[in-house]
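Everything below concerns the one structure shown next.
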Amino acid sequence: MLSTFHSEEPMKKKGPQGKEERPPPTAGPSGPPLGEPFRWRSESDEPTPARLSPVDDRLSADAALKRVRRGEYLLYTGDFHNAKQLLGAMGRRLSRPAGAGSLLEAFRAERRARQLEHETLSRIVVALDRDYRLGLARAPDVAQACRQVWGEPELATTVVPLKQLLGMLGAAEWRRKGLAVPGLKGLLHPHYGVYLPTRTDYAELLLPLPQVKGKRVFDVGTGTGVLSFLLLQSGAVSVVATDCDARAVACARENAQRLGLANRFQGVETDLFPEGRADLVVSNPPWIPEPPKNRVDRAVFDEDNLFLRRFLEGLTAHLEPGGEGLLLLSNLAVLLGLRPAGWLDEQLARCGLTVKWTRSTQARHSKARDRSDPLHAARSREVTTLYCLAPAP
Ligand SMILES: C[S@@+](CC[C@H](N)C(=O)[O-])C[C@H]1O[C@@H](n2cnc3c(N)ncnc32)[C@H](O)[C@@H]1O
């Protein structure tokens, strides 16, 4: 999206601590040229800001909050580390949801609060030049992280929420270092915006899986490709892996290459199933039936169980005779009251599927142990199950 910078009317007013705020610079040596068009980059699909107000290290967190709540986008031109501290200080000032009644109310209140926090903090933005250089004092080199996510710059100036840029830098570090997944021989190198399998309990459910030897597999909603790679390393002949997100498909392809599995792995950008049939169809679908708020949310949130319902409806038509489906599903949605307890059994019956066996594991991620979490009662009881499904005889 394109827009241009606008200078701000210089103003003098009292800051929250009675400190006088000096007028922000209209343009500085490290600031972007005013009036120039820029490429706006926002993961949340927020529209291009109509105007950007330059601010620097003199801005307090309280003043920044007041201004972003009025709808301003603040273009930070000061010191990089001060900018990060400003985000932290603003975040700490945002109110946490008060203890809500039911678990579902608490879940929704927490989600709303996070969304609000995200929207608020995303109004602190920074500008990058035509080489993706960040013109802030003490700024790190962000060019490689930007190229990995966006490719080459499209214009002389790119503007991005600082919060998002920090996420991109963190992701670039994961991508460089790689992530160890129990059972996977070799490291996984996740890309920005692709579901990160840090909760590995569900992946462990797939191992050992003797019946995978010699099988042709589909992996529906592959993300980084982690399940495909576990199955290929366990003896699957080939995997066709799909994802609706181009970034996930690119990530899975690159990882297949790194792991030496590329000749048996095909990544396809499509909705749910690839063409044809397989001996084994595996999926770890988004598990919370609530509307996704942005692109990244689509890995976790599945409005009206649409993915899950269509996966179950289409499974038999994508299985070879004698084939099996492997579905990984957490019971968190049931514990939160978002899915009735008998819902899955009803859907399986409706789609003519039977459960051949199941394997379950208690959630071990840190949130499951956090007693201060308002959702502790649900998270501490979360169980993920691997369902082996087959067409009913
Ligand atoms: C919970 S993540 C699982 C990723 C990976 N299989 C894993 O276990 O780490 C769900 C994945 O499904 C993808 N997805 C969501 N809706 C989809 C759809 N309609 N078709 C294909 N993939 C989809 C998301 O982009 C995401 O990568």
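In this structure, is ARG247 farther than 30 Å from PRO340 by Cα, surrounded by fewer than 20 Cβ atoms within 10 Å (Cβ to Cβ) and within 10 Å of the ligand (Cβ to nearest atom)?
When the stated conditions are applied, ARG247 passes them.
With the structure loaded, tell me whether VAL226 is in contact with a helix residue (DSSP H, G or I) (Cβ under 9 Å, 6 or more places away or on another chain) and over 30 Å from THR77 (Cα atoms) or whether it fails that test.
Yes: the conditions hold for VAL226.
Among the residues of segment 260-311, what is the count of those that are of a type in the set (S, T, N, Q) and at pLDDT below 95?
Start the filter on segment 260-311 by keeping residues that are of a type in the set (S, T, N, Q), which leaves 263, 266, 270, 283-284, 294, 305.
From what's left, at pLDDT below 95: 294.
Qualifying residue count, segment 260-311: 1.
Go through (1) more than 25 Å from LEU116 (Cβ to Cβ); (2) in contact with a strand residue (DSSP E or B) (Cβ under 8 Å, 6 or more places away or on another chain); (3) among the small types (Gly, Ala, Ser) and name the single condition SER380 misses.
Here SER380 meets the rest and fails (2).
Hey, can you tell me all the residues within segment 220-238 that are without any contact (Cβ under 8 Å) to a residue 40 or more places away in the chain and either touching a Lys or Arg at 6+ places or on another chain (Cβ under 7 Å) or more than 12 Å from the ligand (Cβ to nearest atom) (or both)?
Listed by number, the residues that qualify are LEU232, SER234, GLY235, VAL237, SER238.
Only strands (runs of 3 or more DSSP E) wholly contained in segment 274-393 count here; list those with 2 or more residues that are closer than 23 Å to GLU110 by Cβ, within 21 Å of the chain's Cα centre (by Cα) and assigned by TED's automatic domain parsing to the domain that holds ARG108.
none
Inspect segment 342-357 for any residue being surrounded by fewer than 18 Cβ atoms within 10 Å (Cβ to Cβ) and aliphatic (A, V, I, L, M) and give the result as yes or no.
Yes - at least one qualifying residue is present in segment 342-357.
Yes/no matrix, rows are residues, columns are (1) over 16 Å from THR385 (Cβ atoms); (2) surrounded by fewer than 20 Cβ atoms within 10 Å (Cβ to Cβ); (3) among the polar types (S, T, N, Q); (4) touching a strand residue (DSSP E or B) at 6+ places or on another chain (Cβ under 7 Å):
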| residue | (1), (2), (3), (4) |
| --- | --- |
| GLY260 | yes, yes, no, no |
| PHE265 | yes, no, no, yes |
| ARG295 | yes, yes, no, no |
| VAL300 | yes, yes, no, yes |
| LEU312 | no, no, no, yes |
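Checking LEU188 against (1) touching a residue at least 60 places away in the same chain (Cβ under 8 Å); (2) within 15 Å of the ligand (Cβ to nearest atom); (3) farther than 30 Å from CYS388 by Cα; (4) hydrophobic (A, V, I, L, M, F, W, C), which test does it fail?
(3)
If you check VAL300 against the conditions, is it closer than 21 Å to ARG359 by Cβ and of a type in the set (Val, Ile, Thr)?
Values: closer than 21 Å to ARG359 by Cβ: no; of a type in the set (Val, Ile, Thr): yes.
It is false that VAL300 is closer than 21 Å to ARG359 by Cβ and of a type in the set (Val, Ile, Thr).
Could you count how many residues in segment 100-151 are surrounded by 15 or more Cβ atoms within 10 Å (Cβ to Cβ), in contact with a helix residue (DSSP H, G or I) (Cβ under 8 Å, 6 or more places away or on another chain) and of a type in the set (Asp, Glu)?
Residues that pass the stated criteria total 1.
Only one of these is out of contact with any Lys or Arg (no Cβ under 8 Å at 6 or more places or on another chain), aliphatic (A, V, I, L, M) and assigned to a strand (DSSP E or B): ALA248, ALA241. Name it.
Details: ALA248 fails: assigned to a strand (DSSP E or B).
Unique residue meeting the criteria: ALA241.
So that you can scan it fast, the table gives a plain yes or no per residue for (1) within 30 Å of ARG381 (Cβ to Cβ); (2) of a type outside the set (Val, Ile, Thr):
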| site | (1), (2) |
| --- | --- |
| VAL240 | no, no |
| LEU259 | no, yes |
| GLU269 | no, yes |
| LYS293 | yes, yes |
| PHE307 | yes, yes |
| GLU313 | yes, yes |
| LEU335 | yes, yes |
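Within segment 256-302, track down each residue that is among the polar types (S, T, N, Q) and either away from the ligand (no atom under 13 Å from the Cβ) or closer than 13 Å to GLY221 by Cα (or both).
Quick first cut of segment 256-302, residues among the polar types (S, T, N, Q) only: 257, 263, 266, 270, 283-284, 294.
Of everything in segment 256-302, those that are among the polar types (S, T, N, Q) and either away from the ligand (no atom under 13 Å from the Cβ) or closer than 13 Å to GLY221 by Cα (or both) turn out to be GLN257, ASN263, GLN266, THR270, SER283, ASN284.
Name, by its number, the condition in (1) away from the ligand (no atom under 13 Å from the Cβ); (2) surrounded by fewer than 18 Cβ atoms within 10 Å (Cβ to Cβ); (3) of a type outside the set (S, T, N, Q) that does not hold for ARG339.
If we test ARG339 against (1) away from the ligand (no atom under 13 Å from the Cβ); (2) surrounded by fewer than 18 Cβ atoms within 10 Å (Cβ to Cβ); (3) of a type outside the set (S, T, N, Q), just (2) comes out false.
Considering only residues that are in a loop (DSSP other than H, G, I, E, B) and surrounded by 17 or more Cβ atoms within 10 Å (Cβ to Cβ), look in segment 201-219 and name the one that is farthest from the ligand (Cβ to nearest atom). Step through it out loud before you land on a result.
So the first thing to find is which residues in segment 201-219 are in a loop (DSSP other than H, G, I, E, B), and the list is 205-209, 213-215.
Adding the requirement that they be surrounded by 17 or more Cβ atoms within 10 Å (Cβ to Cβ) leaves 205-206, 209, 215.
On the way: LEU205: 11, LEU206: 9, LEU209: 14, LYS215: 17 Å.
Filtering first and then ranking leaves LYS215.
The values are calculated or read from the model by the stated rules, or taken from the named source; none is laboratory data. Please read all numbers here as calculations on a predicted model, not as lab measurements. As a convention, Cβ positions derive from the backbone with ideal geometry for all residues, glycine included, and neighbour counts pool all protein chains shown.
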